[in-house]
Structures are given as structure tokens and as C-alpha cells.
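These notes concern the structure reproduced below.
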Amino acid sequence: METLRKLPTVLTAEELIDKIFRRASKITGGSLKERMINKLSTISNVSKDYFEKVLSSHPSYENLPSFYREMVDLIVGIERIKRALSSLHWANATIQKIITKSIADIRRGKNPLEVYRTACGRVSSIIEEIDEELRFLNEAKQKMREIPSLREMPTVVVAGCPNVGKSSFVALVSTAKPEIADYPFTTQKILVGYTPEIQIIDTPGILDRPLAKRSVIEKKAILCLRNVADAILFIIDPTETCGYTLKSQLSLLEEIKKTFGKPVIEVYSKSDMHSLRDRIAFSAKNGEGVGEILKEITKIAKQNYLQTSTVIADSGQTSTQEQHS
């Protein structure tokens, strides 16, 4: 969802204070009373515009499609975001009250310079009070940029234990260019690639253990399997050079088949290193089986997508389309 990827950079308290008072310092001319009122009005406008820009840029997180909502909650925490945004709303409202009262005090005859200095001190204190929230929102923005924006089209999610060859396959058949290395958990993020007919998602490796014990990296893969897969390509490394036994890989396969209720295509990787052919086998080195697997996953994903597909839309709505031939 592009909304999550385009959130604005959030200033620290020090940066925001500097921005506000630098603008106010440029106000010149007129009587002392007029200058102080105009400076206060500038502080009001600059702070209000900034806070409203940040607040309005965030979507209604509860109304996001399931995949995006759960991904945000996993990597950042929706309740934590809400608390931070609430703090900004409080700061904005409080600053506006201070400025309104200060301008009224000057108009009633109080010393303009003293009122202005007092107001500036209070505004600075309020912004400093929310520095932690400002910093959190900027960190959250960076993390949420890693959430992919998915298209409404047949989708295949590639799953399996770490280092079995998922990224190699995705790189061979799609536009995605994942990092590939001979050690586990190379894939830290959700990577999306495309063929002319399907969207294919390269996920972090999943280990054969209870969901509660899985890392954030593994849970990202779980979210893709549950929310966006029209078909699952499960890759098995029978050579066990990935570092996981065939038994543990097959145990994970059975768990995925039972848990998600999606069509699963089971294949072997590293076919240049073994002779097993009771499943389709492919080799990232010589290309054996790659075209056959791509044809199969495309067919199954398209069939399932046409029957029941979850729509991922920027409108913030999730719906299920039922189509009957």
C-alpha cells in the first residue's frame, strides 16, 4: 500500500522547535505589539500545519486490508502508533490554546515581549515532551517502507525452510532481485516479483516450530501465506545442505498444508545434486524444471484467484470476490 510507503519524515523535537521559531524570527516591522502578535500567529500556523500534515498522512489502521494491518501491527504495533499520534494531537491542540490566550493577553494590554517569551517557553516545553513520540513515528515510517505494495492479481507465495533455494527460484522466474547467499535468513524482508501472469512473493524462511516461538522474520512469511496466497510453492532441499533435515522440512510442509487451506505445490530444489524425482525438481544452476514449475504454479494460482480472491486495495477495504464460470 503506497500510503504506508509515503509517510512523511518526522522531525525531532529540536528540529521542529528550530523550524517554528526560525520562521517566527523572520517577522519584522510594525509596533512591538503588532510584531509579537504576528510572531505568535506564525508559531500557531507553522506548528498547526506541521502536526496536521503528519496526522493526516497516517491511514485508519483498523480499516486497512488484513495483510497490511497485521504487518504494521507485527513490525511496529498499531496501538503504539495510535498513542504516538494521540500525543501529537494533544500537543497541537495545547499549543493552539497557548497562542490564542497569549494573543488575547497582548491585546488586553499585557507586556507584549513578556507574553511572547512566556508563550515560546511553553510551546518549546510541550514539543520537547513529545520528542519520544516524534522519534518513534519516524522510526515506524522507516520500518513500514519495507511493507510491499501488492497488486490485485494471482499471487504465489514461496515458502520453505531457510536456504532451500526460494530466492534463487524467484530471481529466475520474476522481476524480483533478492539477495542470495549460502546462509540462513538471507531474506529479511518480503520481496515481490512479477511474471506476465502472476505476482510471486519471496518470503523469509520458516522453521518447524510453534508460531509463538517464531521470530518477526518468520511471522512475516506467515502473514503472506495466510492473507495473500492464491497458491503456495513449497520448496524442499532433499540434500539437506540448507542445514535442515528432510524430516523437519516435511513436517513444516504438513503444518502449512493443514494451517492455511491453500493449494500447495511441492518441489525439490538443487536437482543437480540429487536424483529424487517423485516431485518436480529444479536447479538454479542449470535451469532444470524451472519452466515446468512456473507453468504449474501459474495455472493453479490463476484458477484459485478466479474462484475466490482477496482484494488488496488502497481504498483500505478488504473484500472477497466470488466468480463463477
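Of the residues making up region 264-279, those that are surrounded by 18 or more Cβ atoms within 10 Å (Cβ to Cβ) and either of a type in the set (S, T, N, Q) or touching a Gly at 6+ places or on another chain (Cβ under 7 Å) (or both) are Ser269, Lys270, Ser271. The residue list Gly291, Gly261 contains one member that is at pLDDT 95 or above and surrounded by fewer than 13 Cβ atoms within 10 Å (Cβ to Cβ), which is Gly291. State whether one or more residues within region 240-250 are under 26 Å from the mean Cα position of the chain (by Cα), in contact (Cβ under 8 Å) with a residue 24 or more places away in the chain and buried (at least 21 other Cβ atoms within 10 Å of the Cβ). No, every residue in region 240-250 fails to be under 26 Å from the mean Cα position of the chain (by Cα), in contact (Cβ under 8 Å) with a residue 24 or more places away in the chain and buried (at least 21 other Cβ atoms within 10 Å of the Cβ). Put simply, of Ile235, Ile200 the only residue that is over 23 Å from Ser149 (Cβ atoms), surrounded by 22 or more Cβ atoms within 10 Å (Cβ to Cβ) and not basic (Lys, Arg) is Ile235.
Going through region 115-128 one residue at a time, which ones are of a type outside the set (S, T, N, Q), within 12 Å of Ile17 (Cα to Cα) and touching a residue at least 40 places away in the same chain (Cβ under 8 Å)?
Looking only at region 115-128, we keep the residues that are of a type outside the set (S, T, N, Q), and these are 115-117, 119-123, 126-128.
From what is left, the residues that are within 12 Å of Ile17 (Cα to Cα) are 120-123, 126-128.
Within region 115-128, Cys120, Val123, Ile127, Glu128 qualify.
If you check Thr12, Thr94 for being under 29 Å from the mean Cα position of the chain (by Cα), more than 30 Å from Glu218 (Cα to Cα) and β-branched (Val, Ile, Thr), only one passes: Thr12.
Filter region 109-125 down to the residues that are buried (at least 20 other Cβ atoms within 10 Å of the Cβ) and not aromatic (Phe, Trp, Tyr), then identify the one that is nearest to Tyr50 (Cα to Cα). Looking at residues that are buried (at least 20 other Cβ atoms within 10 Å of the Cβ) and not aromatic (Phe, Trp, Tyr), I get Val123. For region 184-215, the set of residues classified as modelled with pLDDT of 65 or more and in contact with a Cys (Cβ under 8 Å, 6 or more places away or on another chain) consists of Ile190, Ile201, Thr203, Gly205, Ile206, Leu207, listed by residue number. Closer than 30 Å to Leu74 by Cβ and surrounded by fewer than 14 Cβ atoms within 10 Å (Cβ to Cβ): does that describe Glu146? So Glu146 does not fit the description; no.
Looking only at region 83-99, decide whether some residue is among the β-branched types (Val, Ile, Thr) and more than 30 Å from Met144 (Cα to Cα).
yes
In the set Ala159, Ala176, only one residue is modelled with pLDDT under 90, in the same structural domain as Phe282 (by TED's automatic domain parsing) and either of a type outside the set (Asp, Glu) or over 23 Å from Glu296 (Cβ atoms) (or both); that residue is Ala176.
The values are calculated or read from the model by the stated rules, or taken from the named source; none is laboratory data. As the structure is a prediction and not an experimental result, all values here were calculated from the model. Neighbour counts run over all protein chains shown; Cβ positions are idealised from the backbone, glycine included.
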